[in-house]
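Reviewing the structure listed below.
A short reminder: the numbers here are calculations on the coordinates, not readings from a lab. This one's a predicted model, so the numbers in the text were calculated from it and none came from an experiment. No Cβ is skipped: glycine too gets one built from the backbone with ideal geometry, and neighbour counts run over all protein chains shown.
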Amino acid sequence: MADDLNKGLEGVLVAESELSSIDGDAGRLIYRGYPIEDLARGASYEEVVYLLWHGHLPDEDELATFTESLNEERTVDEDVLETVKQLADAGEQPMAALRTATSMLSAYEPEGDADPDDFDATLRKGRRITAKIPTVLAAFERYRLGEEPVDPHPDLGLAANFLYMLTGEEPDDLAAETFDQALILHADHGLNASTFTSMVIGSTMADIYSAVTGGISALSGPLHGGANQDVMEVLMEIDESDLDHREWVEQANEEGRRIPGFGHRVYNVKDPRAKILEERSEELAADGEDKWYNYTTTIEQYLSEEQGLAEKGIAPNVDFYSGSVYYQLGIPIDMYTPIFAMSRASGWIAHVVEYQDDNRLIRPLSRYTGPEDQEFVSLEER
Ligand code: CMC
């Protein structure tokens, strides 16, 4: 039995996977061997989901069939929408509403009785979850604005359709492409906390709804998916401050504030996803307001170079630039982390199926540091 304690499981190898790989020193990320840059620039989110789930990039027929089968599953049962409305009316946070709704979707799963080791059935369920999450999130936003949900648009891909259901208007090409890229960049990322959570749940041979609901829960925290919202809140704080944005960063640094969107357990250099999103943020800024992009680049330059964080291996992660990109797309700030979940669900599903295919219950150890040999005292005598 191992005596080494690996707090936070840092550096612990627990599974083999063909899905994605990160070279944290080179700043390289691949999905099934394809560089993330090539996928983000050349593929659609649907192609990437197909790649993750089926092991190869689809040809035109495969993509058409897959896209059609996803589009057919976008509608969400009225009962679930009613619950989503109640949650919106009660002022629930969208990430929590998504967690509740995803769990509830299982009640309307037509293959609810399928064996957990029927992986084709699990992938079909995964397809339903992936198709319905955007509908749930957009409906939540509409309800809290006091409006009715917008029906899915049959001719739009998953990314463009989400923006359409959110606003009721078809996005322009730049917005649709940018959002599609953002989904691709977030689809998978090795054994991050939420993926590992889903795998732990999947390793008990629990169903995929449980695994995805668990993934959403793990993703919600500020050390993981919650950081993208925190980044935008920091940028807004800068905007509202009396200080110039450069002075604001200096002061925050002097106060010892940890800036969200910086640092990563695996990357020692700038996250390749952040580089792509930075380009998109710059492009959107050229088209509209440039202050958000300027704030981020100032923070990055100050922390990385003047404060020497780059030398220490603390660099911008994916969340650093996604916030300003989503903001420029007009997406509400508290939807950023749910959007991360909307994309990452495909990765959770892929990892659960891959792991269950050669399953072993995940069951680590903790070192007991409590007292030994306590003498029990009955309740009446305590
Ligand atoms: N700003 C300044 N210093 C930092 C930061 C930061 N954002 N992040 C880490 N450090 C320093 C930290 O102070 C520590 O320094 P020292 O060794 O001198 O005490 C060192 O880096 C290691 O930090 P850690 O917290 O022990 O590292 P970790 O691997 O446990 O945590 C992390 C990784 C992502 C939780 C952390 O970098 C962090 O809190 N970042 C801000 C939140 C964030 O952006 N999260 C999103 C992560 S990427 C997307 C995702 O996976 O969801």
task: Enter the Cα centre distance for the pair the stretch 193-237 and the stretch 57-129, rounded to the nearest angstrom.
output: 17
- prompt: Whole-Hz Karplus ³J(HN,Hα) for the stretch 356-366, in order, using 6.51 cos²θ - 1.76 cosθ + 1.60 and θ = phi - 60°, x for Gly and Pro?
  reply: 5, 4, 9, 6, 9, 3, 7, 8, x, 10, 10
query: Using unit Cβ charges (K, R positive; D, E negative) and no other charged atoms, how large, in debye to the nearest 20, is the dipole of the chain about its Cα centre?
result: 820
Signed unit charges on C-beta, dipole axis of the chain, positive-most listed residue 362, 228, 178: 362
message: For 197, 130, 204, which order do you get if you count the other beta carbons within 10 Å of each Cβ and list the fewest first?
response: 204, 197, 130
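Once you've got the Cα coordinates, tell me which of 132/312; 7/125; 291/312; 270/291 are over 32 Å apart. Provide the component values of the computation, followed by the final result.
On the way: 132/312 42 Å; 7/125 34 Å; 291/312 28 Å; 270/291 22 Å.
The pairs that break the limit, which is 32 Å between Cα atoms, are 132/312; 7/125.
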field: Taking 335, 104, 236 and counting other C-beta atoms within 10 Å, the order from fewest to most
entry: 236, 104, 335
- line: Any GluC sites (Glu not before Pro) in the stretch 101-169 that lie in a DSSP loop and have at most 15 other Cβ atoms within 10 Å would be 111, 147, 169
query: In the stretch 130-261, with Lys and Arg counted as +1 and Asp and Glu as -1 at Cβ, which of these residues, 205, 192, 162, has the Cα nearest the positive end of the dipole, that is, farthest along it?
result: 205
query: Would you list 83, 122 from fewest to most Cβ contacts within 10 Å?
result: 83, 122
query: In a solvent-free Debye calculation with one equal scatterer on each Cα, what is log10 I(q)/I(0) for the stretch 75-228 at q = 0.12, 0.14, 0.21 Å⁻¹, listed in the order of the q values?
result: -0.54, -0.75, -1.51
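Write out the chymotrypsin sites (Phe, Trp or Tyr not before Pro) in the stretch 328-378 meeting two conditions: DSSP loop, and at most 11 other Cβ atoms within 10 Å of their Cβ.
Numbers: sites: 336, 340, 348, 355, 368, 376; in loops: 368, 376.
Here the chymotrypsin sites (Phe, Trp or Tyr not before Pro) that fit, given the DSSP loop and packing criteria, are 368, 376.
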